[in-house]
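As structure tokens, the structure follows; a few thoughts come after it.
The values are calculated or read from the model by the stated rules, or taken from the named source; none is laboratory data. Values in this document were obtained by computation on a predicted structure and should not be read as measured data. Note that each Cβ is placed from the backbone with ideal geometry, even for glycine, and that neighbours are counted across all protein chains shown.
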Amino acid sequence: PETVVVVTDGKKEDPKVAAKAIDYENISEESLRALWKRLRSSNEKRVENESVKIEDEFLFIQSDQDRHLSSRCSSVMNIFRSLSFIPGNDMILSHHPGFLLMISQLLSLHHVHYSELESQDCNQSFERTSKRSIKEKEALGLPSGWCFSKTLDSLRESSFCIMANISGQLDFSNFNQSLYTPLIQSVVHWVTCSSSEAVDPFPPAYLSTITPQRLMLEALSKMSILSSNLQPIVRSIKDQIPALFKALVLLLGDRTQQVAREFALVIMSNLSQTGGNEGVEVAHQLANFTQVISLLLKFLEDAEASAANFALNAHMAGHSSLPSNISQEELCGGTSIDMLRRAALTLIHLAKYSDNKKLFLTHQHRVLNLAMSRFTHPRIGAMIANLLYHMESDWKLT
């Protein structure tokens, strides 16, 4: 049970002693209102995992004109999607403000999570969702009775694919904050969203394993590679940073999804290199998840153990060196030197801040073993030695 500390005149009292002095039958109405307001505010911050969606095809009759409009929208979007795969077109599409604005609107259109307090009244939530759907249609210049759920799913799927293709060419320094902020927020939302709409594969599910979350992970990792994009990204998602790092840490610990795991590592490595006050905020927010240091070290230890295993097998077979047919990916345990470098670089950026140094105390022996192991790649070993220096120094990055 949760311990309740009673504060009277600025002094903490024992709950058992204070309980005897409180007359619960004569609590003032103001105290009850304050308690209810506190409970309500805490519930409003908690949102449902599943998004609210109305299948409006069952509520309206679709005319031939509506079907023609839906078909035309899907056809135009398919053209853009196909063009985004051709090298060179990503540069053109990523520099068009109108196109980026349309993509950002499609990513967030008709995708809403209600708070747990609101979702208790199903009828009220259904009515609110219906009104929201009509307003969004009117904002797009569409008739309020137009059935667009299936069409929207098709357009959004194409938007996911287009964002994954063109995000590597995005440079937010060329756009206004009002343009790139909703785009970044929409991408990050789909990375952190745990609804079935985000984590389920695209239809048909038996032919595809790609999910919206996977494509947005790819898009965010590409966007964060350009150093000039780091500060705009961090400024745009200040309220989403804790949820983003929580999702990335969970993916980093999931060995069954190697691709998503490496995307999460790339995003953490890139964001940890943010400069200025935003970089300090990123380091502190990431360090709040204490397991991230252990997971990053485990990522490096797995590669070191894989190299040691290959060396042992070669020694037992009577070879003085490793066989030439072993790829670098196999030697690193299914990953690459670049991924190992990013893991070590993230640890270094975390250790540079004096407030985070105490988090590394329990992992000193693991870092030392990696630095002294002869099976650690020389480039990674040098970075681990640099990590040891920052762990022991009192230097603070400002």
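Just give me the residues in segment 280-304 being in contact (Cβ under 8 Å) with a residue 60 or more places away in the chain and part of a helix (DSSP H, G or I), in sequence order. Of everything in segment 280-304, those that are in contact (Cβ under 8 Å) with a residue 60 or more places away in the chain and part of a helix (DSSP H, G or I) turn out to be Val280, Ala283, His284, Leu286, Ala287, Ile293, Ser294, Leu297, Leu300, Glu301, Ala303, Glu304.
Results for (1) assigned to a helix (DSSP H, G or I); (2) at pLDDT 85 or above, shown as yes or no for each residue.
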site	(1), (2)
Ile326	no, no
Glu330	yes, no
Met339	yes, yes
Arg366	yes, yes
Thr376	no, yes
Asn386	yes, yes
